[in-house]
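Novice: Supplied in structure tokens, the structure appears directly below.
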Amino acid sequence: MQRDPDSQVMAKAYARWAPVYDALCGPVFLNGRRAAAGAARAVGGRILEIGVGTGLSFDDYGPHDAITGIDVSEPMIARARARLATGRYPQVKQLAVMDAQDLRFADASFDCVVGQFVITLVEDPERVLSECARVTRPGRQIILVNHLYSERGLAAAVERLLARKAHAVGLRPEFPFSRLAAWADGHGGAELIERRKVKPFGVYTLVRFRRA
């Protein structure tokens, strides 16, 4: 298994992605994005989205949600702010450049924390998950959507082969679900409540944890 990606490498990669991210990644991530936002809407209240990127998900939330978005990439947040400036998204209350490994929010600040296609790309996924749990209110949820490592068969072999070059462009195809499950078991304050493939193709997996 490859080592976790360096945060500076990822920040530089997504600075390059920012101008073309919506056109290239918007359609590819659409179903996963909507699945995660739909699960977050079911929780409702104050929602933190880590790795909010250019704000593609803004359209997926409802008018009664209160969204805070953060991203480590300043060029991505700049595009999210431009999207917010259109006035079409009153549900988005705050955007900030921030590292999800060190969230500058008080404990139990949010009803839901959402990570769309981000947990596999951070330098320390377990630390990010623990920060997400810290800022989530008891009984509320952490929601992730991602491609997760196939772990066996031809798909796993291909993912391992592509992994090293994929990191350089801000992708990580070889992250296993077992790390998420192990974090929940070791943390003690988060319970796995759902793991399901996102339709129609099952390329992405939706994972939900409940804060104890």
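Novice: Just to be sure before I move on: is residue 108 in contact with a strand residue (DSSP E or B) (Cβ under 8 Å, 6 or more places away or on another chain), surrounded by fewer than 18 Cβ atoms within 10 Å (Cβ to Cβ) and on the phi > 0 side of the Ramachandran plot in the structure I sent?
Specialist: yes
Novice: Identify the residue in the range 66-92 that is within 18 Å of the chain's Cα centre (by Cα) and part of a loop (DSSP other than H, G, I, E, B) and, among all such residues, is surrounded by the fewest Cβ atoms within 10 Å (Cβ to Cβ).
Specialist: Checking each candidate, the answer is 72.
Novice: Name the pairs: first residue in the range 44-55 and in contact (Cβ under 8 Å) with a residue 60 or more places away in the chain and within 15 Å of residue 106 (Cα to Cα), second residue of a type in the set (Lys, Arg) and surrounded by fewer than 24 Cβ atoms within 10 Å (Cβ to Cβ), Cβ to Cβ under 9 Å, at least 6 apart or on different chains?
Specialist: From the range 44-55, the pairs are 46/93; 46/137; 47/41.
Novice: Mind listing whichever residues of the range 111-123 are modelled with pLDDT of 95 or more and either farther than 24 Å from residue 11 by Cβ or not in a strand (DSSP E or B) (or both)?
Specialist: 111, 112
Novice: Please specify each residue of the range 161-195 satisfying the condition of being among the basic types (Lys, Arg) and either closer than 26 Å to residue 130 by Cα or modelled with pLDDT of 50 or more (or both).
Specialist: Once the filter is applied, which keeps residues that are among the basic types (Lys, Arg) and either closer than 26 Å to residue 130 by Cα or modelled with pLDDT of 50 or more (or both), the range 161-195 yields 164, 172, 179, 195.
Novice: Shifting gears a bit: Does the range 42-49 contain at least one residue that is surrounded by fewer than 17 Cβ atoms within 10 Å (Cβ to Cβ) and closer than 24 Å to residue 202 by Cβ?
Specialist: Yes; the residues of the range 42-49 include at least one that is surrounded by fewer than 17 Cβ atoms within 10 Å (Cβ to Cβ) and closer than 24 Å to residue 202 by Cβ.
Novice: Taking the condition within 26 Å of residue 210 (Cβ to Cβ) and modelled with pLDDT of 95 or more, does residue 52 pass?
Specialist: When the stated conditions are applied, residue 52 passes them.
Novice: Would you confirm whether any residue within the range 124-131 is touching a Pro at 6+ places or on another chain (Cβ under 8 Å) and either among the hydrophobic types (A, V, I, L, M, F, W, C) or in a helix (DSSP H, G or I) (or both)?
Specialist: No: the range 124-131 contains no residue that is touching a Pro at 6+ places or on another chain (Cβ under 8 Å) and either among the hydrophobic types (A, V, I, L, M, F, W, C) or in a helix (DSSP H, G or I) (or both).
Novice: Please state which of the following conditions residue 153 fails to meet, knowing it meets all the rest: (1) at pLDDT below 90; (2) surrounded by 12 or more Cβ atoms within 10 Å (Cβ to Cβ).
Specialist: Of everything listed in (1) at pLDDT below 90; (2) surrounded by 12 or more Cβ atoms within 10 Å (Cβ to Cβ), residue 153 misses just condition (2).
The values are calculated or read from the model by the stated rules, or taken from the named source; none is laboratory data. Note that the structure is a prediction, hence the values are computed from the model and not measured. Methodologically, a virtual Cβ is constructed for each residue, glycine included, from the backbone with ideal geometry; neighbour enumeration extends over all protein chains shown.
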